[in-house]
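The values are calculated or read from the model by the stated rules, or taken from the named source; none is laboratory data. Fair warning: this is a prediction, and the values are worked out from it, not measured in the lab. Backbone-built Cβ (ideal geometry, glycine too); neighbour counts: all protein chains shown.
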Amino acid sequence: MMRALYSGVAGLRTHQTKMDVIGNNIANVNTVAFKSSSTTFSELMYQTTSNASGATVTKGGVNAKQIGLGVTMGSTSVNITTPGSTQTTGDGWDLRITGNSFFIVNNGSVNLFTKAGAFYVDGAGNLATKAEGYNVMGWQVDPTTGDIRKDTVSKLAIMTEENMTSPPEATTEAVCDGVLDANNTQVNSDEGYIMSLNFFDALGYGYTAKFAVKTVDADAKTYTVSLTDILDSNNRSIYLDENGAPLANNVFEDTTLQFNAGEPNAGKFTYIGEPGQESVSLNMSALGDKFRDINIDFSQSKNYDNSGNCTLSMDKGASDKITGTGRRLGDLIGLQVQEDGKIYGSYDNGNRELLGQIAVTEFANPSGLEKVGENCYQTTLNSGEFDGIGQDITADGGKMSSGVLEMSNVDLANEFTEMITTQRGFQANSRIITTSDSLLEELVNLKR
């Protein structure tokens, strides 16, 4: 009878614990990236009143006589691999992770792991969690190569003083494109058809180079391109002295444009200067150390009948080139996180620079991680260790989505069903205690 009482007490205790777990799940139904937990029960122990005996020649075997002493909590497990639904926030720093990876954050002393990607850039320019201010960990950019250096993770300082501006870049590539019409009056004049090339020096100052295109022999489809002047932003010449003579020699030698008159490729570039040559150099370094030589590509030029119109023009860099166009000093105007976790800064000079990459990590047994609150987990002996480096999220086919968050994976229908069965289990165990008490009461009343 006393055993029944204690079994009932054990049943009440375990069902109360299960109700605590259910309550916590329901309370966190709207918590970002919360992972629900579930419980299992196991038998507590048994009292053996008679051991089992084996069969003999004259007598059969007898099973052991055991009486159970109640129930205990077998385990609590976290449903960590089931993703929650997606919530759109529109905040570019809200990130959702797909796959089995975890973000790596640091609370100032140890690395923790989370699925909650609600981040922001704090006052020090570091990427951090919104609620707790934990630093988001990742990889830095190698200053020598400009690529990500995948070594030990460290905090991502995104908006540092260094990253707030993009250094200027000297122009090194240019292209001459468009149609040159042999009947154009400017091409056949003494001054020629004027083309302008806007470019930058290594300090980000802008200049304009003027070129004149003149006809040499219209029938032979040959033309010359000559440098006439180079002006700074104040429209002052840095190429000609006060007498109109060049300040430096060999900045740009007159170049011959030759076009094909017959088939195939009629009207298209054949060669410039020497056969097979497609580009010439504007030797700007002759005018000072802050300048860089500019390679001018003429292969896009064409010679067609265009009703007397000439559309030949120069621009910094071909349409398929990213580098070499030159830029002034730029201010940071935007940040973007790609699906692989790389963070890029956009600048008002048109530049786009890699600032870092958010690293992630996986565990052999993610359910073995220990919840430490604030949407974070820490490693245990049964989860597997963090190697300190992490991995690229795309390594296992995952990705990061910007502007969305992962919500809780709590299934309310399941939780309420579990609540009903838990309530009935608690009620049944309470009946064990009241019934045992009634039996004890009858036993006491025997003496009356």
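Mind checking whether some residue in the range 221-236 is of a type outside the set (Phe, Trp, Tyr), surrounded by 17 or more Cβ atoms within 10 Å (Cβ to Cβ), in contact (Cβ under 8 Å) with a residue 40 or more places away in the chain and outside any strand (DSSP E or B)? Checked against the condition, which is being of a type outside the set (Phe, Trp, Tyr), surrounded by 17 or more Cβ atoms within 10 Å (Cβ to Cβ), in contact (Cβ under 8 Å) with a residue 40 or more places away in the chain and outside any strand (DSSP E or B), the range 221-236 yields at least one hit. With respect to (1) touching an Asp or Glu at 6+ places or on another chain (Cβ under 9 Å); (2) assigned to a strand (DSSP E or B); (3) among the small types (Gly, Ala, Ser), the lone exception for Gly356 is condition (1). Scanning the range 265-278 finds one or more residues that are in contact with a strand residue (DSSP E or B) (Cβ under 6 Å, 6 or more places away or on another chain), within 28 Å of Asn351 (Cβ to Cβ) and modelled with pLDDT under 90. Considering Gly350, Gly345, Gly341, the condition of being assigned by TED's automatic domain parsing to the domain that holds Gly117 and under 19 Å from Asp201 (Cβ atoms) is satisfied by Gly350 alone. Condition (residue is out of contact with any Phe, Trp or Tyr (no Cβ under 7 Å at 6 or more places or on another chain) and exposed (fewer than 13 other Cβ atoms within 10 Å of the Cβ)) applied to the range 87-98: is it met by at least one residue? Taking every residue of the range 87-98 in turn, at least one turns out to be out of contact with any Phe, Trp or Tyr (no Cβ under 7 Å at 6 or more places or on another chain) and exposed (fewer than 13 other Cβ atoms within 10 Å of the Cβ).
Residue-wise test of (1) among the charged types (D, E, K, R); (2) touching a Pro at 6+ places or on another chain (Cβ under 9 Å); (3) surrounded by fewer than 17 Cβ atoms within 10 Å (Cβ to Cβ).
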| residue | (1), (2), (3) |
| --- | --- |
| Pro275 | no, no, yes |
| Asp289 | yes, no, yes |
| Ile296 | no, no, no |
| Gly308 | no, no, yes |
| Gly330 | no, yes, no |
| Leu355 | no, no, no |
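For beta carbons closer than 6 Å, sequence separation of 6+ or different chains, a first residue in the range 339-353 that is surrounded by fewer than 15 Cβ atoms within 10 Å (Cβ to Cβ) and a second that is assigned to a loop (DSSP other than H, G, I, E, B), the qualifying pairs are Glu339/Lys399.
With the checklist (1) surrounded by fewer than 18 Cβ atoms within 10 Å (Cβ to Cβ); (2) part of a loop (DSSP other than H, G, I, E, B); (3) of a type outside the set (Asp, Glu) in hand, flag the one item Ala116 doesn't pass. The single condition Ala116 does not satisfy is (1).
Listed by first and then second residue, the pairs with beta-carbon distance under 6 Å, at least 6 apart or on different chains, first residue in the range 61-88 and at pLDDT below 85, second surrounded by 16 or more Cβ atoms within 10 Å (Cβ to Cβ) and assigned to a strand (DSSP E or B), form an empty list. Residues that are more than 50 Å from the chain's Cα centre (by Cα) and part of a loop (DSSP other than H, G, I, E, B) within the range 237-248 comprise Asp241, Glu242, Asn243, Gly244, Ala245, Leu247, listed in sequence order. Among residues that are of a type in the set (Gly, Ala, Ser), under 30 Å from Phe259 (Cα atoms) and surrounded by 15 or more Cβ atoms within 10 Å (Cβ to Cβ), Gly178 is included. When the range 253-264 is filtered for residues that are free of Cβ contacts under 8 Å to residues at least 40 places away in the same chain and either closer than 29 Å to Arg236 by Cα or in a strand (DSSP E or B) (or both), the ones remaining, listed by number, are Glu253, Asp254, Gln258.
For Thr144, indicate whether it is surrounded by fewer than 18 Cβ atoms within 10 Å (Cβ to Cβ), more than 21 Å from the chain's Cα centre (by Cα) and hydroxyl-bearing (Ser, Thr, Tyr). Yes: the conditions hold for Thr144.
Yes/no per residue for (1) in the same structural domain as Tyr120 (by TED's automatic domain parsing); (2) within 20 Å of Phe119 (Cα to Cα); (3) not hydrophobic (A, V, I, L, M, F, W, C):
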| position | (1), (2), (3) |
| --- | --- |
| Leu369 | yes, no, no |
| Phe386 | yes, no, no |
| Asp392 | yes, yes, yes |
| Asp396 | yes, no, yes |
| Lys399 | yes, yes, yes |
| Glu415 | no, no, yes |
| Thr421 | no, no, yes |
| Gln427 | no, no, yes |
| Thr435 | no, no, yes |
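State which residue is nearest to Thr129 (Cα to Cα) when the search covers only the range 45-72 and only residues that are surrounded by 16 or more Cβ atoms within 10 Å (Cβ to Cβ) and among the aliphatic types (A, V, I, L, M). It comes out as Val71.
This table checks each residue for (1) surrounded by fewer than 18 Cβ atoms within 10 Å (Cβ to Cβ); (2) in contact (Cβ under 8 Å) with a residue 60 or more places away in the chain.
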residue: Thr361; (1), (2): no, yes
residue: Asn375; (1), (2): no, yes
residue: Thr380; (1), (2): yes, no
residue: Gly384; (1), (2): yes, no
residue: Ile389; (1), (2): yes, yes
residue: Lys399; (1), (2): yes, yes
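The C-beta contact set for the range 14-30 (first residue at positive phi, second residue exposed (fewer than 15 other Cβ atoms within 10 Å of the Cβ), distance under 8 angstrom, 6+ apart or interchain) is empty. The strands (runs of 3 or more DSSP E) found entirely in the range 1-113 include none that carry 3 or more residues being in contact with a Cys (Cβ under 7 Å, 6 or more places away or on another chain). Residues in the range 435-445: is at least one of a type in the set (S, T, N, Q), modelled with pLDDT under 95 and surrounded by 15 or more Cβ atoms within 10 Å (Cβ to Cβ)? Yes, the range 435-445 contains at least one residue that is of a type in the set (S, T, N, Q), modelled with pLDDT under 95 and surrounded by 15 or more Cβ atoms within 10 Å (Cβ to Cβ).
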